[in-house]
Structure formats: C-alpha cells, structure tokens
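The values are calculated or read from the model by the stated rules, or taken from the named source; none is laboratory data. Just so it is clear, the structure is predicted and the values come from calculations on it, not from any experiment. Don't worry about glycine lacking a Cβ; one is built from the backbone with ideal geometry, like all the others, and counts go over all protein chains shown.
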Amino acid sequence: MKRTNAPEDGFQPYTGTAILLHWLLALLLLGSFCVGAYMADLKLSPERIRLFNYHKWAGITILLLSALRLAWRLTHRPPPEPATLKARDIVIALWTHRLLYVLFFAVPIAGWAYSSASGFPVVWFGKIPLPDLVARDKGLADILVEVHGTLAWTLGALVVLHAAAAIKHQLFDKDLVLARMLPAGARARILARREARR
Amino acid sequence: MSRFAAKVAAACSLLAAGLVLGGPALAAQLVPAESRIGFVSRQMGVPVEGSFRRFDADIDFDPAKPGKGHFAIRVDTSSVDLPTRDAIEEVAKPGWFDAARFPRATFESTAVRAAGTDRYEVDGTLTVRGQARPVVVPVQLTRSPGRAVAEGEFTVRRLAFSIGAGEWADTSLVADEVLVRFRLVLSGRPF
C-alpha cells in the first residue's frame, strides 16, 4: 500500500522548531544587513539614531535566537542528507553551515563591542541595558567597526551561497534538500506535486 | 630684639591670622585640570556621556559659614565633548547650544544651605541659551588641608532651555531629562 504523507523513502524534514528558527533568523539577518548597510554612512540625524538602535536591538535578538538555535541543533540530529548528494557537496554544505553558525555569533558580538568602544552602549529595545563588552576607546572602535562590517559582508556572501545552493537543489537537482527546511504547507505542496508526477 | 618686641610681633601675627580666618569667606581657586563638568543624555534609552572641556568658577565658600557662600560657574558652550565628532559638531549648532550666539552657560548661586556633614544645597540660576531657570544643586564636599572636592549631580530639562529643537525635540528620541554631574577641585583656604 502506498503511503500518502511520506511519498519519498527516507525523506525526513527538520523539526518544526528548527524550521521556525531558520526562517525567523533569515528575516532578521536580511533586515539587519540591509539596515546596517544603509545606515552606516548616514549623517547624524534622528533617522540615523533610530536605525542604529533598531539595528542593535535586532543584533542582540539574533544573538539570543542563534544561541537557542545552536542548542537545538546540538540536541536534535538533523535529517540525513539525501542519498543522491555527492560526498563533495556534503562537505561543502557542512563547512558552510559551520561557518554560518560562527558568524551568527561573531557579527553581533563584534557590533556590540563596537557600540561599547564607541561610547553608545546597547540598551535592548530601549529598556534593558547590556554591559559594555570593552572599555571606551576611539581607536578600538575604529577597528571594531571594520571587523563588524567585514564579518557581516562575509556572512552576506555565505548566505547568498547557501541560498543559491538551495535553489540549485530545488530547480536543477530536483531533490528534496530545500523541502526539508520549508514550512509544513509548502513542503506538502512540493511532495504532492512530486507524487503526482510519479 | 627685645623680648617685648618679639611678643609684640607674635601678637600681631596672631591677630593678623585671626583676622584672616575670621574674616569674610575667601575665594577658592578652581583646579580645572582635575575638575569635570559632565552630563548624561539618553538617546532611545542609551546613556550618552558628554562633558565640557572649558569652564571656570569664582567660588567664595567657607564651610564654617555656608550661608555666606557664593558659587559662580561659567561653561564654554563650544567646548562640548561627546563620543563622536558628528555629535560634537551637531550640539554647537543653533538648534542646540547655539555656541556662536550663546558662548557661555552660567550658574550663579542665590543661597547656600547646610544639609548635613559637608553636604550643602545650593539654590541658583542656570542660564543656557540666554534662558535663566532656577535649579537646586546638591553638593558634597570632601575636605583635606588646603583642598576641597565639591561633587554632585542634578537633573535639568533640556527643553526648558530650548536645547535640541525641531526634529530633535522628540523626547522618545532624545530624553528631556539630562543628568549633570560635576566634580570641582578647589584649592586654597579655608579648606
């Protein structure tokens, strides 16, 4: 008898929590990156102050959600890679994911340290003051802003690589790599279409 | 010199010292290099620390007669220090301190009251951007021979002095309340 809900043998999606955290962080990272790139060269204005604060609040939120996500990832085995994947691709994906996780922490921490060094501490949502990571130091701030920016652009490049790989798997390899990370509804539609084509 | 002459000389010097000590309150000298007048302003909840790099003071104060004390402080409004160059340039503009039109902000005491051991409350007038407002400044004095440190903090409402006008008037962006913190090192008698 044919199963209707798991048409592909061995197919297993990520957990709902992993999927939720993935897409929530994807939105936050994309938003923070764009705001960060836009605000960096703005002249001092109310807009600049507002955007800097929103960016800092988002960064701390990303840091916390990433810690939650890492804890989840370490305690929940991700679904196995499809058998069709090449060993080389599995290694590339593994190291891309590892580097992404490192940057999920490194980028916000560098930004937080930059805020501390430059004399504008982080007050999360304007309510919760966070401790300074480093002492006030103009020279250090100048270095940290470069470190934060360079790491953010590196993260941006890796996200592009990561998304391009997902699209390649979906459109060209026509496997279920992306489906594993899609919300249940979208995943069900993909599986139903494949089932219909069989 | 006779013993009598010596006694006269001693008596005269004692008298002179007594006149000086018992006389009107004496001016204390500000030690600018060790003194600080700073402030903390809040931007969307973020405390941003600033200070004035140039200021001077005329202070007549005798801890034995606080009621006769007088404090006059002058701050150079073009000498603001803030964490970034942008911010330093911004606050000198007409919407803020308007340093070109109002180069000085002043505090002048009108009454001094003792409020505990080496604690005083100083009533005075704070004038910024030409606008005078009454303030009460608590002062804690720490004395050592020939030297005193006067410290304290008080809150002012920036909008009462029209500091930060137009697009900056929004207090959800820059809070109305600004904490002023001072540490004035004074030298000379009668400390």
Enumeration of residues in the range B:1-57 that are at pLDDT 85 or above, more than 24 Å from residue B:105 (Cα to Cα) and exposed (fewer than 12 other Cβ atoms within 10 Å of the Cβ): none
Selection from the range A:143-172 of residues that are aliphatic (A, V, I, L, M), farther than 25 Å from residue A:186 by Cα and without any contact (Cβ under 8 Å) to a residue 60 or more places away in the chain: A:143, A:144, A:145, A:147, A:151, A:157
Any hit, the range A:63-75, residues being in contact (Cβ under 8 Å) with a residue 60 or more places away in the chain and among the hydrophobic types (A, V, I, L, M, F, W, C): no
Residue, nearest to the chain's Cα centre (by Cα), within the range A:11-57, restricted to residues that are small (Gly, Ala, Ser) and in a helix (DSSP H, G or I): A:26
Residues satisfying the stated conditions in the range A:112-137, i.e. away from every other protein chain (no Cβ under 14 Å) and either more than 21 Å from residue A:152 (Cα to Cα) or part of a helix (DSSP H, G or I) (or both): A:113
Selection within the range B:121-142 - more than 23 Å from residue B:177 (Cβ to Cβ) and either of a type in the set (Gly, Ala, Ser) or surrounded by 14 or more Cβ atoms within 10 Å (Cβ to Cβ) (or both): B:141
The range B:95-121, residues that are out of contact with any helix residue (DSSP H, G or I) (no Cβ under 9 Å at 6 or more places or on another chain), at pLDDT 95 or above and over 15 Å from residue B:155 (Cβ atoms): B:101, B:106, B:108, B:109, B:110, B:119
Condition met for residue A:108 (assigned to a loop (DSSP other than H, G, I, E, B) and either surrounded by 14 or more Cβ atoms within 10 Å (Cβ to Cβ) or within 14 Å of chain B (Cβ to nearest Cβ) (or both)): no
Candidates B:100, B:111, B:92 - the one that is of a type in the set (A, V, I, L, M), farther than 19 Å from residue B:37 by Cα and without any contact (Cβ under 8 Å) to a residue 24 or more places away in the chain: B:100
Residues of the range B:80-101 satisfying the condition of being surrounded by 17 or more Cβ atoms within 10 Å (Cβ to Cβ), within 17 Å of residue B:48 (Cα to Cα) and not aliphatic (A, V, I, L, M): B:83, B:90, B:96, B:97
Selection from the range A:38-87 of residues that are among the polar types (S, T, N, Q) and within 14 Å of another protein chain (Cβ to nearest Cβ): A:45, A:53
Strands (runs of 3 or more DSSP E) contained in the range B:40-140 and holding at least 3 residues away from chain A (no Cβ under 14 Å): B:55-60, B:70-76, B:104-114, B:119-128
Residues satisfying the stated conditions in the range A:140-198, i.e. of a type in the set (Lys, Arg) and touching an Asp or Glu at 6+ places or on another chain (Cβ under 8 Å): A:194
Unique residue being outside any helix (DSSP H, G or I), in contact with a helix residue (DSSP H, G or I) (Cβ under 6 Å, 6 or more places away or on another chain), more than 14 Å from every other protein chain (Cβ to nearest Cβ) and farther than 15 Å from residue A:32 by Cα when the list is A:177, A:147: A:177
Counted residues, the range B:170-182 - those being crowded, with 16+ Cβ neighbours inside 10 Å and over 21 Å from the mean Cα position of the chain (by Cα): 4
Sole exception among (1) farther than 20 Å from residue B:80 by Cα; (2) part of a loop (DSSP other than H, G, I, E, B); (3) among the β-branched types (Val, Ile, Thr) for residue B:163, by number: (1)
Selected residue (criterion: farthest from residue B:41 (Cα to Cα)) from residues of the range B:144-160 that are in contact with a strand residue (DSSP E or B) (Cβ under 8 Å, 6 or more places away or on another chain) and exposed (fewer than 15 other Cβ atoms within 10 Å of the Cβ): B:146
